[in-house]
Structure formats: structure tokens, C-alpha cells
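Here is the structure we will look at, set down as C-alpha cells.
Rule-based calculations on the coordinates, nothing more; no lab input. These numbers were taken from a predicted model, which means no experiment stands behind them.
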Amino acid sequence: MDPPLSPPVHIQPFASTQITVKDTQRRLETFLEDFQARSTFAQGDNTAVTVQLQKLADALKKERKKKEDKL
């Protein structure tokens, strides 16, 4: 019999700060690079997470370019 699954941790933010798309993109790219380096080092490449983060980074790039083209 399989062990019971435990639900993921529920994170409740207590404050938030708005940041620009450019800053969000920069932070996400930095995180993605660090995450990929850690995954490669641990030899446990988690491609599902990496792919989703890369899709988010690409979407932010497109959104930023779209805003710049309007100006």
C-alpha cells in the first residue's frame, strides 16, 4: 500500500510590493539560472519546473517587448 500523500506547504504572504515587468524578468532569469545550476549539480534535472519557468520568462519578454513597441 502506498504511503499517504501530504499536501504541499501553503504559503501565506503578509505583504507585497509591486515591481516592473523588467525587474520581474531579471529576477526570474537569475532564479532560473541558479535553479538549473543546482539541478545540474544535484544530477536531478527537474525539467518540468525548468520548462514552466522558461515559459514564464519568455512570456514576460514578449509582454515587455509589446509594451516597448507601443511607446
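Compared with the dominant Cα axis of the chain, that is its longest principal axis, helix 47-70 is turned about 10°.
Looking at the stretch 21-70, how many pairs of lysines come closer than 13 Å at the Cα, when each pair is eight or more places apart or spans two chains? Walk me through the intermediate numbers first.
Working: 22/61; 22/62; 22/65; 22/66; 22/67; 62/70.
Close lysine pairs found across the stretch 21-70: 6.
Relative to the longest principal axis of the Cα atoms of the chain, the long axis of helix 21-42 makes an angle of roughly 30 degrees. The Rg/Rh ratio of the chain, with both radii computed over alpha carbons and Rh defined as the Kirkwood radius, is 1.11.
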